[in-house]
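Note sheet for the following structure.
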Amino acid sequence: MAQKRSGIKRIVPFITSAVLMFMFSGCGPTDGQRLMQEGASPEYAQGFDDGCSSGKKAAGDMFSLFHKNVQAYRSTPDYRQGWDDGHEECKSEWLSNYRQQQLGIERQRAYDEHQRLEKMNDRDMVRDAMPDLSRKEIDQLKTLGK
């Protein structure tokens, strides 16, 4: 039971940061607004925003929506280019972030498993070094250094 609580304590900061990131992701200018400030056309900027949301959705983001103005995509080269650029950039970025999160989770699991095996090894060494000791005596030895 204590091990379960310990695992929960380790994951709480991760969940908290993910929730905060999600909450604040809607704040501030969109990529399209930023691109317009840098000189992009409004059509390109709108296409980029639509493509970005669609790219995240295609990558697996459950909070993003697929959006594509099909008429503008067919008839407006700037919208089409913006949509394609936004889709590719945001899809790649989302997948990269996801892989980093998965890597962090796997590292934590490996560390936890290493710790578990070390504790088992320590316990087994005591048991093997002093086979005649009772369980109670072994537990008393463990408390000596604390």
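Net charge within 12 Å of GLY60 by Cβ-Cβ distance, Lys/Arg positive one each and Asp/Glu negative one each, not counting GLY60 itself?
Values: positive: LYS56, LYS57, LYS91, ARG99; negative: ASP61.
Spelling it out: positives minus negatives among the neighbours equals +3.
Going by average Cβ neighbours within 10 Å, how do the peptides 46-55, 66-75, 100-109 rank, with the highest at the top? It would help to have the intermediate numbers written out before the result.
Numbers: 46-55: 24.9, 66-75: 12.9, 100-109: 10.9.
Packing proxy ranking, top to bottom: 46-55, 66-75, 100-109.
Taking a quarter of the surface of the convex hull around the Cα atoms of region 30-113, what do you get in nm²? If you can, show how the numbers build up before the last one.
Working: hull surface 24.3 nm².
One quarter of the hull surface, i.e. the mean projection, equals 6.1 nm².
How much length is gained on full extension from GLU38 to GLU137, taking 0.36 nm per residue of separation minus their Cα-Cα distance? List each step's numbers first, then the result.
Details: separation 99, 0.36 × 99 = 35.64 nm, distance 7.34 nm.
Gain in length upon complete extension: 28.3 nm.
So, in nm, how far is label GLU93 from label PHE63 when the simple model puts each one 7 Å beyond its Cα toward the Cβ?
1.4 nm
Could you work out how far apart the two model spin labels at ARG74 and ILE105 are, taking each label as a point 7 Å from the Cα in the direction of the beta carbon, and quote it in nm?
4.1 nm
Report the calculated FRET efficiency for LEU144 and ARG123 (r = Cβ-Cβ distance, R0 = 22 Å), to the nearest 0.05.
Values: r = 15 Å, r/R0 = 0.69.
Given R0 = 22 Å and the Cβ-Cβ separation, E is 0.90.
Taken together, the values in this text are just the output of simple stated rules run on the coordinates, not laboratory data. Note that the coordinates shown come from a computational prediction; the quantities given were computed from them, not determined experimentally. For neighbour counting, all protein chains shown are included, and Cβ atoms are generated from backbone atoms with ideal geometry for every residue, glycine included.
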